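What follows is one structure encoded as structure tokens, with my remarks underneath.
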Amino acid sequence: ASGAAAAPPPSPGSVRLSRASAGASHSLVLSSSGGVYACGQGLFGAVGSGCDANAVSMLPLPRLWPVGVCIVACGDNHSAALTLDGRLFVWGRGKYGQLGLGDFQNRSSPELLKSLTGEPLVGLACGGDHTLAFTASGALFTWGKGGRGQCGGGSPDNTCRPGRVQALEGQRVVQVQAGSAHSLVLTASNEVFSFGDGEQGQLGTGEMGACLTPQRVSGIPDAPVLFIAAGGDHCVVVVAQVPSEGGAIAVGPSPQRAQGRGYAPLMPLPALARACGAAASAAHGLVAAATSAGASRDPNTEVAQLVAAVEDTFSSPGALVAGFAMPGAGKAQGIANVPPAGGGVAAVRSLGARVATSLSPSKRTHSNVLLGGGGSEAGGAHGGGLLSGGGKGGREITPHNIDVGAVTDVYQALLRLFNSEIVSVLGSSCLRTLSGAAWLQQQQQQQ
């Protein structure tokens with residue numbers, strides 16, 4: 001980065017925006033390449049700019065730019081951001097413990113929640129003054145204000161550290177939502193649970209009043225639940241219209257649906273590598289790859305989708321670090337568990353997931369980039385998958401546990417497409433990443 005011209009992360013007006021979240025008096029916006037922008041009332045540090053000043057226009061949060069954020073959420077006066085490798089950053093008001101940092105203090109800039117780094121987190125929701133997050137295995141953790149039972153732990157006490165919801169230990173959580181003082185949970189078994197304040201009937205259990213532990217929501221039709229949503233004092237559950245032929249419909253957010261497909265704006269590198277490799281190896285390039293995958297046969301559409309995916313991914317340092325990490329090096333494998341969002345990115349990932357990996361067996365690596373983070377080759381006899389230069393396949397790693405061979409594979413797959421738009425956007429995205437890294441380094445040196 002020292003040889004690149006320093007430039008700050010792009011303004012929100014010059015990037016594709018993919019997600020937004022609103023609190024009581026502040027808002028967060030997420031770009032398609034993982035950049036976070038904030039505006040609104042800065043009281044308690046909710047904006048995350050390092051002070052309590054209000055922001056009348058969208059401000060980039062440079063501290064989050066390198067980490068690859070895929071989900072943002074706002075409470076009344078606190079905020080949270082989840083990264084592709086499953087880490088959680090929090091800031092804002094901490095009076096009720098809603099930041100989970102072990103105290104009841106405010107934070108004016110994003111801070112890593114270290115107590116939940118044992119397993120990648122893949123889902124997040126912020127209520128008025130409480131927070132929910134769940135892991136790749138479906139374990140649910142809550143913390144913050146508990147006066148109405150909104151944390152689901154059976155106690156009305158406030159808690160400043162994440163605690164697992166014991167009542168749901170036998171369930172695998174796939175989505176969470178939160179209102180002002182109540183919570184909503186969807187499980188893989190197609191059950192919806194609610195807990196917290198129910199004075200307005202918002203829990204949907206058939207009874208009024210607060211509930212300190214999760215209870216099943218009643219009255220939901222016998223059909224797959226597509227996704228759930230929660231407002232201040234109400235909830236919404238969206239179910240599928242089961243097709244007459246009885247086709248299987250996945251429970252919870254899915255990349256195959258136009259609505260409720262999840263939150264991650266970035267295309268996981270395993271899917272990007274497969275899409276590029278398949279397109280490059282097909283006899284007629286992108287057209288043949290799309291045809292064999294059952295996707296759109298419009299070559300212009302396919303090129304546009306792949307260009308967007310390349311630009312978003314290679315403009316995000318966090319996505320590159322997470323995606324190119326060697327198996328077992330931290331929690332990067334969590335990237336494979338986060339569903340994508342955004343029409344172009346989702347379509348390309350769908351293409352990549354359906355086509356067979358086109359790289360020859362001799363080029364298959366032990367990297368989670370090409371094996372999707374959980375392939376049978378990822379661990380093997382190497383105990384955790386951390387390979388040295390002399391290991392199987394001769395893979396080289398950097399001090400940051402980056403799989404250099406996998407980087408080469410993806411670049412080669414992109415260049416083999418012989419498409420000027422893709423090559424151009426690849427170069428400009430990488431230059432933008434290096435320029436941003438140089439700028440961030442300058443900012444850190446000045447502090």
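The values are calculated or read from the model by the stated rules, or taken from the named source; none is laboratory data. What you are looking at is a predicted structure, and each value in this text was computed from that prediction instead of being measured. No Cβ is skipped: glycine too gets one built from the backbone with ideal geometry, and neighbour counts run over all protein chains shown. When the accessible area is computed, the model is the full protein with side chains, heavy atoms only, and any ligands, DNA or RNA have been set aside. Shrake-Rupley method; radii C 1.70, N 1.55, O 1.52, S 1.80 Å.
General remarks:
- Yes/no for Ser155 being open to solvent by 10 Å² or more (accessible area, probe 1.4 Å), assigned to a loop (DSSP other than H, G, I, E, B) and touching a residue at least 12 places away in the same chain (Cβ under 8 Å): yes
- If you go through the stretch 37-71 and pick out every residue that is within 15 Å of Ser21 (Cβ to Cβ) and polar (S, T, N, Q), you end up with 1.
- The single condition among (1) on the phi < 0 side of the Ramachandran plot; (2) free of Cβ contacts under 8 Å to residues at least 60 places away in the same chain; (3) open to solvent by less than 30 Å² (accessible area, probe 1.4 Å) that Arg216 does not satisfy is (3).
- Meets criteria (in a loop (DSSP other than H, G, I, E, B) and at pLDDT below 95) for Cys70: no
- Taken over the stretch 75-126, residues that are outside any strand (DSSP E or B), of a type in the set (S, T, N, Q) and open to solvent by less than 20 Å² (accessible area, probe 1.4 Å) amount to 1.
- Gln166 passes every criterion in (1) surrounded by 16 or more Cβ atoms within 10 Å (Cβ to Cβ); (2) touching a strand residue (DSSP E or B) at 6+ places or on another chain (Cβ under 9 Å); (3) modelled with pLDDT of 95 or more apart from (1).
- Matching residues in the stretch 73-90 - criterion: being in contact with a Lys or Arg (Cβ under 6 Å, 6 or more places away or on another chain) and over 17 Å from Arg161 (Cβ atoms): Asn77, Asp85, Gly86
- Residue selected from the stretch 10-35 under the condition touching a helix residue (DSSP H, G or I) at 6+ places or on another chain (Cβ under 8 Å) and open to solvent by less than 60 Å² (accessible area, probe 1.4 Å), by the criterion farthest from Val321 (Cα to Cα): Ser25
- Test: Asp52 is open to solvent by 40 Å² or more (accessible area, probe 1.4 Å) and within 21 Å of Arg161 (Cβ to Cβ): no
- Scanning the stretch 36-47 for residues that are open to solvent by less than 10 Å² (accessible area, probe 1.4 Å) and either in a strand (DSSP E or B) or under 25 Å from Gly86 (Cβ atoms) (or both) turns up Val36, Tyr37, Ala38, Gly45, Ala46, Val47.
- Among the conditions (1) out of contact with any strand residue (DSSP E or B) (no Cβ under 6 Å at 6 or more places or on another chain); (2) modelled with pLDDT of 90 or more; (3) assigned to a loop (DSSP other than H, G, I, E, B), the only one that Pro10 does not satisfy is (2).
- Some residue of the stretch 127-141 being open to solvent by 50 Å² or more (accessible area, probe 1.4 Å) and either outside any loop (DSSP other than H, G, I, E, B) or among the basic types (Lys, Arg) (or both): no
- Look at the stretch 49-63: where a residue is touching a residue at least 60 places away in the same chain (Cβ under 8 Å) and more than 7 Å from Cys39 (Cα to Cα) and a partner is assigned to a strand (DSSP E or B) and of a type in the set (Ser, Thr, Tyr), sitting 6+ places away or on another chain with Cβ atoms under 8 Å, you get Ser49/Ser108; Ser49/Ser109.
- Meets criteria (touching an Asp or Glu at 6+ places or on another chain (Cβ under 7 Å), at pLDDT below 95 and open to solvent by 30 Å² or more (accessible area, probe 1.4 Å)) for Leu59: no
- Once the stretch 177-213 is narrowed to residues that are surrounded by fewer than 24 Cβ atoms within 10 Å (Cβ to Cβ), among the aliphatic types (A, V, I, L, M) and in a strand (DSSP E or B), the residue that is nearest to the chain's Cα centre (by Cα) is Val192.
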